[in-house]
Amino acid sequence: MRNLRLYMVVFCVLVSLPLGFVAWRTYGAMDREARAQVRFFAEQLLDEVEAELSELVRREENRAVDEYRPTRVEEGGLTRSPLAGLPAEAYILGYFQNNPDGTFQSPLVDDTGPVQAAFGPRVQQLESINTAFNRRKLVARLPQPKTQPPKTRKKAKVAQKQEASFADRFLRTDERKQSKSVLGQQKARVEEITAGQAMNLAKKENPAYKKPWEYETEADETFDAATDSTAYRIAAAPLARDEPRQATAGFGEKKDKNRFQVEVAPLQAVAIDPQKMFIFRRIGINGEIYRQGFVLQLQPFLDHLIDRFYAPQPISGYTRLILKAAGLTATGAPLSEAEGHQGEDWIAGRTFPAPFGFLSAEMQAVKLPPSPARQTFTMALGILAVVMVAGLVAIYHSARTVLDLSERRSQFVSAVTHELKTPLTNIRMYIEMLDQGIAATPEREQEYFGILASESARLSGLINNVLELSRLERQTRRFDLKEGDLSDVLDEVRLLMAENLTREGFELSVVADDLPVCTYDRDVLVQVLINLMENSVKFGRHLQEKRIRISAGAETDRLTLKVSDTGPGIPRRSLKQVFDDFYRVDNDLNRTTGGTGIGLALVKKFVAAMGGQVKAENNDGPGCTITIVLPVKPEV
């Protein structure tokens, strides 16, 4: 058994190592696939955000040049501008036009009459923003870094390396779609407007303002997301007043008396302060430049993007979205401190195209979504582990049972040899005594003959038991089943055991009242009862109280036959094993009394062959009780 346990441990180790490696690689592959799936849908979410920005740019680029006045000119006359009211979007503070002379006009301000009370605070903010923007026109933008920050670039490389094994199975890297550089139009466009629109667009200049060409040639105001709102420097001294400004060729060429050409530049963005961004376009007409646009409130804008595109989505349960704009940061799905460490797993990031180059997004993985394949694989591993452990336990117990049976067989051979040798020795001794005439009297001869008969019967019974067990194992034992009420069996057992019980000093009592009819083999049942009674005599002959009681009675649909004695009983641990083949209780009494260990095994096999059951239990007092249960023939 020690070698068997060692082999089983070695087997478990040899099987567990490759299984563990396969499980480790499989879990790793599922984690990578789950991460790639999260990255894919994160990119989809950022694409939706970019589509929203693109739609906003397209809407603003398609506005008529005269919509930034309270009224606009149409074929039917003057109509109310669609911008002559508070914006529907909470993140847009308002629209205004910056004229070439630096003056301010807004759709919220009528040409005649006071500003409405509801628009007053908003108009004041727009006027202050226009003043700040006039100062911004004197500012040159710092050089824009052409590469990503080292940390972001490093994260991007890591993410690209992790994604390659997954994505390359479906798309070739060199054919993937390149990111956009500009939302909306990429170059200035020329469009025609009517004379009325041109007159509505222009406004009498205020002499208090300097002309735009009186300053240094203006830098493009496109905002760089890698710099914050303070990353500007004052430009050089203004140019001489008499230096002419270079106008764009074709600017405001007159097609006919009612049509004018204007040049509309792409949208640009410039930071007014850390909370606001002016997104505008340049309108060139007759050598004059107008700037039309809207003021974007950054914090409400970032909150709007998170609430609309991120918060309602299931992906918010697995990731964290970080939006940054001109030094402001908005985070979706706030994390606890413990989860914050997990959020360092970079999934996706993007700096949006112009004019929203000031806006960047980064998504970090908080946890990976549970995979059905992972759960199935874990369940399969668990079932495999249980099956392996159960199989090894079953093999161990089976081997132990076989080994125990082998040991019992070996003990049985030794016991049978001893049991055969003892009566044969006695028979030989008494025959020699009779042959030598030691029995001088007829009475002594009869005594010797009685001993010879007893030892011969003992030897015959032992041989019969061995033969019966052999036939039962080979299933060649035939049974003569007949119907009866057991009264004949009880009478024969009392008669056969009377002399032996009297000689050993045992008292036998039989209680059998109203016995039902059942099916049994008379000779087999007699042999069963004799085996049980001989066991009681063998183990109880050294005790002072020597009683054996046989009781039979009906219980519902079965007949119960009990054999009780006042012997030493059976150890509790052996109550279920005493009916096993060749099993002998290991105690001092059993070693002195001897036995082969097949008597109770024959009892169990005989009773089972007649369709019954047998069990052993100790009495409340001394001794034990063997209970035999036989099925009763149903009454017709």
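Read-outs throughout are calculated quantities, based only on the coordinates presented, and are distinct from any laboratory measurement. These numbers come from a predicted model, not from an experiment. Cβ atoms come from the backbone with ideal geometry, glycine included; neighbour counts cover every protein chain shown.
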Using Cα-Cα distances under 8 Å and only pairs 6 or more residues apart, what relative contact order does segment 16-114 have, in percent?
20
Shape parameters for segment 373-466, alpha-carbon atoms, Rg then Dmax in Å:
28.6, 96
Rg/Rg_ref, segment 478-631, where Rg_ref = 2.2 N^0.38 Å and atoms are Cα
1.00
Hey, which of these cross-link pairs are over 32 Å Cα-Cα: 546/633; 324/367; 482/546; 482/615?
546/633; 482/546
Please give me the summed charge of the neighbours of residue 510: other residues whose Cβ is under 15 Å from its Cβ, Lys and Arg +1, Asp and Glu -1.
-4
Mind giving me the nanometre distance, one decimal, between the label points for residue 273 and residue 479, set 7 Å out from Cα along Cα→Cβ?
10.4
Using 0.36 nm per residue of separation minus the Cα-Cα distance, give me the extension gain between residue 420 and residue 192 in nm, one decimal.
69.2 nm
Can you give the FRET efficiency for residue 620 and residue 556, using 1/(1 + (r/R0)^6), R0 = 30 Å, r = Cβ-Cβ distance, to the nearest 0.05?
0.80
Which net charge results for the neighbourhood of residue 82, defined as the other residues with beta-carbon distances under 9 angstrom from its beta-carbon, given Lys and Arg at +1 and Asp and Glu at -1?
+2
At 0.36 nm per residue, minus the direct Cα-Cα distance, what do residue 397 and residue 181 gain on full extension? Give it in nm, one decimal, please.
70.4 nm
If I take R0 = 30 Å and measure r between the Cβ atoms of residue 389 and residue 613 in this structure, what FRET efficiency does the formula 1/(1 + (r/R0)^6) give, to the nearest 0.05?
0.40
Please report the net charge: other residues with Cβ closer than 12 Å to the Cβ of residue 41, K and R +1, D and E -1.
-1
Once R0 is set to 60 Å, what does the formula 1/(1 + (r/R0)^6) return for the Cβ-Cβ distance between residue 75 and residue 24, expressed as a FRET efficiency to the nearest 0.05?
0.20
Can you sort 304, 397 so the residue with the fewest Cβ neighbours within 10 Å comes first?
397, 304
Ratio of the Cα radius of gyration of segment 465-555 to 2.2 N^0.38 Å, where N counts its residues:
1.22
If each residue of separation counts as 0.36 nm, what is the full-extension length gain between residue 378 and residue 467 once their alpha-carbon separation is subtracted?
26.6 nm
By Cβ neighbour count within 10 Å, fewest first, 581, 523, 404 rank 523, 404, 581
